[in-house]
Each structure stands twice: as C-alpha cells, then as structure tokens.
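Visitor: Quick one: the structure is below, questions incoming.
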Amino acid sequence: DILLFHGSRDNIRIPATKMRTLPFSDTELASQNIDYAAIGHYHDCAMITDPSGRILGAYSGCPAGRGLDEAGARSVLVGRVFREGDHVETHLEKVGLDQRTIHRLAVNCTGAGHSDALIRKVEEALLAADIPPGDMVHVQLTGRIGPGIEALLPSGWFENRYFHLSLDSSLVKPDYDLDHYREDRLRTTEARFARELLGRIDAEPDPD
C-alpha cells in the first residue's frame with residue numbers, strides 16, 4: 001500500500017518560499033496503516049522513520065538544482081518496498097542523475113589591500129572546496145576590503161575551469177581607517193565629515 005501526496009511535515013522548519021500545505025505529523029503518518037509514503041513539497045531529501053527505525057516514507061527531493069536555493073548534490077530515490085504478512089521492509093538508495101552540481105561558496109575578503117589579493121583569496125577558497133570542473137559555482141564575497149578596490153574578477157577568469165562561475169560582491173564593505181581621519185591636516189569634505197561623526201561618537205556617554 002503506497003501513499004503518494006504533497007504535504008508539509010509538522011516538526012521541521014518550512015523554507016521561506018514554501019506554503020504550509022496538507023500538514024501532517026510523523027505520528028499521523030505512522031497511523032495510516034500504509035507500507036510507504038512518497039511525499040513531495042520540499043526539495044531536500046528526507047527520510048521519515050518510526051521509533052523502531054522502519055522507514056515510513058520519504059521526500060525524494062529534486063533531481064537537479066535549479067537555483068541557488070537548491071545548491072549541493074541532488075538525486076532521486078530508487079528503492080524496494082517488500083511486505084510479508086505484517087512485516088514490511090523498505091530499502092532506499094539515492095541515485096544522482098544530474099551531471100552538474102550547484103555550489104555556493106562564501107569567501108571572506110577582509111584584509112585584501114588590492115585586487116590581486118582579493119583574487120588570491122577566491123583562488124584559495126575554490127582550491128580548498130575541490131569543486132569538479134563541470135559544476136556551477138556561485139561565490140559570495142563578504143568582509144571588508146580597502147577603499148577603492150573593485151570586488152570584481154577579470155573578464156573570463158575561471159572561464160575554462162568550471163561550467164559557470166558567478167560572483168556576488170553586494171555584501172563587501174570598504175575598510176576605512178577611521179583613526180586616519182582624526183588628523184587635522186586632512187581638509188577634504190570626507191575627512192571633515194568623518195571627524196564630525198567621530199566627535200559625536202566620542203562625546204556620547206550612552207552606548208545605546
């Protein structure tokens with residue numbers, strides 16, 4: 001007896017993009033007197049077992065990643081459900097179908113004082129991640145870098161190394177030396193503005 005349905009499992013966090021639909025608990029699923037439940041709705045693989053360890057059902061997940069929210073290895077479930085009297089055995093195996101995997105890689109660029117240093121940090125992170133050449137990579141840069149440094153990769157960089165590589169530098173912030181602005185000899189508008197704010201910070205007794 002196989003149950004096929006689309007539903008939200010009660011005791012797990014619902015992804016932000018998913019609505020709660022046909023909610024159920026593991027206890028409810030176990031009480032349905034079925035041999036196996038093939039469940040859809042979430043795109044990550046998950047097994048549901050009873051206290052004895054018997055597999056009640058599973059989310060197979062999606063067979064291929066379609067966006068950054070579906071990074072990592074993807075697969076289908078291939079298995080066998082066998083019943084003899086009251087005894088049920090279920091054997092499931094993850095089988096990968098997609099030739100490519102989406103990888104999300106966060107790279108902290110703090111301390112990079114020039115473009116070459118930033119590229120080197122990305123290079124080192126990619127090397128440590130050991131990503132296969134046929135895969136897709138999304139690099140998220142974080143941290144603080146020297147003012148004026150463009151958080152960009154040269155055109156065509158890594159082009160021959162991966163199927164596709166994208167770079168997001170939206171979280172990178174400039175690393176300003178605030179003490180440098182305290183020098184009165186600096187007469188730029190930027191320096192005068194910074195000194196005004198630093199003076200207000202120094203004079204404020206309430207940390208809140």
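Visitor: Name the residues in segment 120-132 that are under 20 Å from the mean Cα position of the chain (by Cα) and either open to solvent by 30 Å² or more (accessible area, probe 1.4 Å) or over 19 Å from Ser170 (Cβ atoms) (or both), would you?
Guide: Within segment 120-132, Lys121, Glu123, Glu124, Leu126, Leu127, Ala128, Ala129, Asp130, Ile131, Pro132 qualify.
Visitor: Please tell me if Thr21 is among the polar types (S, T, N, Q) and under 19 Å from the mean Cα position of the chain (by Cα).
Guide: No: the conditions fail for Thr21.
Visitor: For segment 96-137, which positions are at pLDDT below 90 and of a type in the set (Val, Ile, Thr)?
Guide: Hit for segment 96-137 is Ile119, nothing else.
Visitor: Checking Leu92 against (1) in contact with a helix residue (DSSP H, G or I) (Cβ under 6 Å, 6 or more places away or on another chain); (2) farther than 30 Å from Ile145 by Cα: exactly one of these is not met. Which one?
Guide: Result: Leu92 passes all but (1).
Visitor: Any residue at all in segment 96-105 that is open to solvent by less than 50 Å² (accessible area, probe 1.4 Å) and more than 30 Å from Ala38 (Cβ to Cβ)?
Guide: Taking every residue of segment 96-105 in turn, at least one turns out to be open to solvent by less than 50 Å² (accessible area, probe 1.4 Å) and more than 30 Å from Ala38 (Cβ to Cβ).
Visitor: Going by what's in this entry, would Arg104 be described as out of contact with any helix residue (DSSP H, G or I) (no Cβ under 7 Å at 6 or more places or on another chain) and among the basic types (Lys, Arg)?
Guide: Spelling it out, it is not the case that Arg104 is out of contact with any helix residue (DSSP H, G or I) (no Cβ under 7 Å at 6 or more places or on another chain) and among the basic types (Lys, Arg).
Visitor: I'd like to verify a number: residues in segment 167-204 that are in a helix (DSSP H, G or I), open to solvent by 60 Å² or more (accessible area, probe 1.4 Å) and either of a type in the set (D, E, K, R) or modelled with pLDDT of 90 or more (or both), how many?
Guide: 12
Visitor: Out of (1) out of contact with any Lys or Arg (no Cβ under 6 Å at 6 or more places or on another chain); (2) under 30 Å from Thr17 (Cα atoms); (3) open to solvent by less than 80 Å² (accessible area, probe 1.4 Å); (4) modelled with pLDDT of 90 or more, what's the single condition that is false for Gly67?
Guide: Gly67 satisfies all of (1) out of contact with any Lys or Arg (no Cβ under 6 Å at 6 or more places or on another chain); (2) under 30 Å from Thr17 (Cα atoms); (3) open to solvent by less than 80 Å² (accessible area, probe 1.4 Å); (4) modelled with pLDDT of 90 or more except (4).
Visitor: Could you please give the count of residues in segment 153-166 that are open to solvent by 100 Å² or more (accessible area, probe 1.4 Å) and out of contact with any helix residue (DSSP H, G or I) (no Cβ under 9 Å at 6 or more places or on another chain)?
Guide: Residues flagged as open to solvent by 100 Å² or more (accessible area, probe 1.4 Å) and out of contact with any helix residue (DSSP H, G or I) (no Cβ under 9 Å at 6 or more places or on another chain) within segment 153-166 amount to 4.
Visitor: Would you point out the residue of segment 138-152, among those that are farther than 23 Å from Glu70 by Cα and at pLDDT 90 or above, that is surrounded by the fewest Cβ atoms within 10 Å (Cβ to Cβ)?
Guide: Only one residue tops the list, namely Arg144.
A quick yes/no check of all residues on (1) surrounded by fewer than 17 Cβ atoms within 10 Å (Cβ to Cβ); (2) under 20 Å from Ser75 (Cβ atoms); (3) modelled with pLDDT of 90 or more:
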| residue | (1), (2), (3) |
| --- | --- |
| His6 | yes, yes, yes |
| Arg13 | yes, no, no |
| Thr21 | yes, no, no |
| Ser25 | yes, no, yes |
| Ala30 | no, no, yes |
| Asn33 | yes, no, no |
| His43 | no, yes, no |
| Asp50 | yes, no, no |
| Ile55 | no, yes, yes |
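The values are calculated or read from the model by the stated rules, or taken from the named source; none is laboratory data. Predicted model only: the values in this text are computed from it and were never measured. Note: ideal-geometry Cβ built from the backbone for every residue, glycine included; neighbour counts use all protein chains shown. The accessibility values were calculated without ligands, DNA or RNA, using every heavy atom of the protein model including side chains. Shrake-Rupley method; radii C 1.70, N 1.55, O 1.52, S 1.80 Å.
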